[in-house]
Every structure is written in C-alpha cells, then in structure tokens.
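Below: one structure, written as structure tokens.
Laboratory data are not the source of any read-out in this text; all were calculated from the coordinates shown. Here the structure is a predicted model, which is why all the values come from computation and not from measurement. With ideal geometry, Cβ positions are generated from the backbone for all residues, glycine too; neighbour counts draw on all protein chains shown.
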Amino acid sequence: MFAALGDSTRLGLVSCLSDGSERSIVQLGDGLPMSRQAVAKHLDVLHGAGLVHRRKNGREVHYALRREAIEAARAWLDEVDAQWDATLSRLKAFVEEGGA
C-alpha cells in the first residue's frame, strides 16, 4: 500500500478521489501530462494495493477511493508513531540518567 502511495502521480489520483466521488479514467487523467493508458496503469497499481475500487459503467470504468483502506493505513501509522514516541522517551530517560 505504501509503495503504491509513494508515487506522486498515484498520490495525486488518491487525492483527487478523496472527496468521495467516482471518476472515470478520462476524468482522472484530465490535466495530467500522460496518456489514458498511463493513468490506467497507475489506477491498476492502486487497485492492486486495495486503495481504490472500480465499477464498470457501460464502456467506462469508474474508480472510487476505498476509505477503509486509508483508515487502516492511518491506524497503522498511528501505532508506529506511538511506538517511536515510547522508544524515544526511554532513550531520553536513559541519556538524562547518565546511562552506561
């Protein structure tokens, strides 16, 4: 998931979908300096990571953000943040006590 979000184009697509609406590849690619096929490849990566879902509507495919996936990633990051805070607090206490 984080590898998929590590690309600025994919992060921009997620940002575009963050308003909760569904958009087609054409709509998502509007204003981007790449082909529809390139946009589709980025969306495939996001779909494979579980960040978006797609729905076929006639000949078009519409994409929407899977909020639960973003919320799960946020929860994991909060856990890691808490672990680092605890670790840094222990290190600070150790140093202040003149650790061995």
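Side notes on the structure shown:
- Projecting the Cα atoms of W76, G29, V95 onto the charge dipole of the range 2-96 (Cβ charges, centred on the Cα centre) puts G29 farthest toward the positive pole.
- For the chain, modelled as a GNM whose springs connect Cα atoms under 10 angstrom apart, the maximal fluctuation among G20, G50, G31 occurs at G31.
- Per-residue packing, averaged as other Cβ atoms within 10 Å, sorts the ranges 78-84, 36-42 into the order 36-42, 78-84, beginning with the highest.
- Dipole size of the range 2-96 about its Cα centre, with +1 on Lys/Arg Cβ and -1 on Asp/Glu Cβ: approximately 500 debye, rounded to the nearest 20.
- What the phi angles of the range 32-43 give under the Karplus curve with 6.51, -1.76 and 1.60, with θ = phi - 60°, is a coupling list of 8, x, 8, 6, 4, 5, 5, 4, 4, 5, 5, 5 Hz, glycine and proline written as x.
- Under the Karplus curve 6.51 cos²θ - 1.76 cosθ + 1.60, θ = phi - 60°, whole-Hz ³J(HN,Hα) for the range 73-79, x wherever Gly or Pro sits: 5, 4, 4, 5, 4, 5, 4
- Using the rule -39500 (n - 2.57) for each DSSP H run of four or more residues, divided by the residues of the chain, the 222 nm mean residue ellipticity is -19500 deg cm²/dmol.
- Net charge over other residues, Cβ less than 14 angstrom from the Cβ of E60 (K, R count +1; D, E count -1): +4
- Which labelled figure in (1) 0.99; (2) 1.04; (3) 1.54 is Cα Rg over 2.2 N^0.38 Å, once derived from the coordinates: (3)
- Note on the chain: GNM, Cα springs under 10 Å; of R66, R54, R74, the largest mean-square fluctuation is that of R74.
- Under 14 Å, Cβ to Cβ, from D78 - net charge with Lys/Arg +1 and Asp/Glu -1: -3
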